[in-house]
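For reference, the structure is listed below as structure tokens.
Please treat every number below as a calculation from the coordinates, not as lab data. Note that the coordinates shown come from a computational prediction; the quantities given were computed from them, not determined experimentally. Counting neighbours? That spans all protein chains shown, and the Cβs are built from the backbone with ideal geometry, glycine included.
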Amino acid sequence: MQRFLAFLAALCAVLLPQIAHADQSDINAAARSVVRVVLIEDDGEEEANLVGYGSGFAVTPKLVVTNAHVVEPARRNERIRIGVVPPQGQRGMFVRVLAVSPRNDLALLELEEGTLPPMSLFTGAIADGAQVFAVGYPGSVDFAQGLDPWEIISPMSPVKTQGNVSAGRSVKTFETLLHTAPIGQGNSGGPLLDGCGRVIGVNSFGTIASEADSEFYFAVSIREVMRFLTTAEVKPMVTGAACRSIADLDREQASRDAAQRERDRIAQEQHNEAVRTAEREAQMDILTERENTMALSGLGLILAVVCGAAAFVFAQKENRGREVKIAAGLGIVIAIFAVVLWLSRPSLSEATERAKDAVAAREDKAAEKAGSNTPLTGDLVCVLDDARSRITVSPATDVPFSWTEQGCVNGRTQYGLGADGWSRVLVPSVDQTVTVASYDPQSATYRTDRFLLDLDRMEALREKRGDYQAPACGSGEAEARALGGEQDALRAMLPSQPNERLVYSCSKAK
């Protein structure tokens, strides 16, 4: 019975579709870009009043998307100023309204100072029932915490809720997504995210539920958002790549590695069999040559004896001295030739050497046919391999890449050399993204792992990065290994998995 149940469980695991669960680190990374949009009225006296707030998110370092109804009071009252309060840092920033579209409830705000980490917008299809996340600042949570107005306009983490898409319904005036991720007043203008932390909509409003009734929520669709941004001449980061987990990529890579090991094992067995076959063929050739040589030598000895006998017969007759000399001389020459032929026959020990030469010639021919297996250097072009990549924030474009045997990239950046090969950990001074770039010259594979981090971890990484100076290009292997060691300390401070992984296959640039 237990075996039968185990069989059913295994069968279900194979036949039933796998449910993709989001990585919380992706949602946390996306939350860095979500702001509280606050409306503050200056009444002409010393104090300013908080008259309302909603949510928003950065689509470029200087631009924030929110709902039109969130900023509508400021359009009617010139004494109201609009500000955004990021989830990290010390203070908020004032903004000005760049564009408003009441028809589909969207507004675009521009920061007067400072920058924000932008989010990536997902333009692909959203499956019915897909897991989604709403991120924003619901007022009910602020009320439950007992926050006063000045605490509300202080940086704090947004609230994250999750639900599922219920496709097939939309409002009449514009396209929306119906979902079940709970939102409340204050969430308006905040993003609706997919499992990879990419924006698929802008939360706008919800249904009014009575007792024992279910609540549903509406988000402005990403198509509406893209049309709005295009009209405003804004180019956000977009991707249509399917959401895949790093764990899935690791499993697929492990499967490819196992398949490669199996191919290597089969190739080694084929090589060993080729060596054995070559040795057998060489031994057969040696034996054939020995037999032929000994046969010719024996034939020569027989002819030499015949010539000797002829000389003896001629010697018994008168006036045949000339014939005796010819027969005797020919017999001696043939006898010497037979002895030399016997001594020159190939030995059995030559079989191994001939086998090695035959295998080496075969391998050289195969290598020439398959192409050189030397490391790929010089000016390259690296093309994204979608099947091995997880795209969340970067464009899927080809990468020009120049590589030298000393680990110098594009003539200016020295890579470190460690146990995992050549790599460089890039810690920018402004952005909140750490990139680990690596290149394997043998397989011609370029890879970038990107980590979207909070301010505290970024500051710690920047401080650690300041402890060493990267060497100049071509400084030598010792300097490259020293850099690899320094970078290991940075890697230890990074999360166990990146938020994005891009894998490229490189080839010679034309």
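Gain on full extension, evaluated as 0.36 nm per residue between residue 410 and residue 342 minus their Cα-Cα distance, stands at 17.8 nm.
In this structure, residue 248 and residue 313 have a Cβ-Cβ separation that, at R0 = 60 Å, corresponds to a calculated FRET efficiency of about 0.05. Extending 7 Å from Cα along the Cβ direction at residue 262 and again at residue 98 yields two label points whose distance is 5.3 nm. Between residue 456 and residue 166, the C-beta separation translates, for a Förster distance of 45 Å, into a calculated FRET efficiency of about 0.75.
Paramagnetic label reach from residue 360 (point 7 Å along Cα→Cβ; backbone nitrogen cut-off under 17 Å): within segment 264-299, residues 275-276, 278-279, 282. Per-peptide packing, taken as the mean over residues of other Cβ atoms within 10 Å, places 304-315, 49-60, 191-202 in the sequence 191-202, 49-60, 304-315 from highest down. Considering only 181, 326, 243, the residue lying farthest towards the positive end of the dipole of the chain is 326, judged by Cα position with unit charges set on Cβ. The candidate values were [x] 27.0, 91; [y] 39.6, 157; [z] 23.6, 72; the one computed from these coordinates for Rg and Dmax of the Cα atoms in Å carries the label [y]. Sorted on the mean count of surrounding Cβ atoms within 10 Å across their residues, most packed first, peptides 109-118, 215-224 read 215-224, 109-118. Label-to-label distance, residue 350 versus residue 125, with points set 7 angstrom from Cα along the beta-carbon direction: 7.1 nm. The residue among 255, 274, 308 whose Cα reaches farthest toward the positive pole of the charge dipole of segment 248-370, with charges on the beta-carbon of Lys, Arg, Asp and Glu, is 308.
Calculate for the chain the 222 nm mean residue ellipticity that helices alone would give, adding -39,500 (n - 2.57) per DSSP H run of length 4 or more and normalising by residue count, nearest 500 deg cm²/dmol.
So the helix-based figure for the chain works out to -12500 deg cm²/dmol.
Which shape class applies to segment 378-508: rounded if a/c is under 1.5, otherwise prolate when a/b exceeds b/c and oblate if not, where a ≥ b ≥ c are the square roots of the Cα gyration tensor eigenvalues?
Values: a/c = 1.91, a/b = 1.09, b/c = 1.75.
Note, shape of segment 378-508 comes out oblate.
Considering only 475, 38, 433, the residue lying farthest towards the positive end of the dipole of the chain is 475, judged by Cα position with unit charges set on Cβ.
The count of lysine pairs in the chain whose Cα atoms are under 24 Å apart, excluding pairs fewer than 8 places apart on the same chain, comes to 8.
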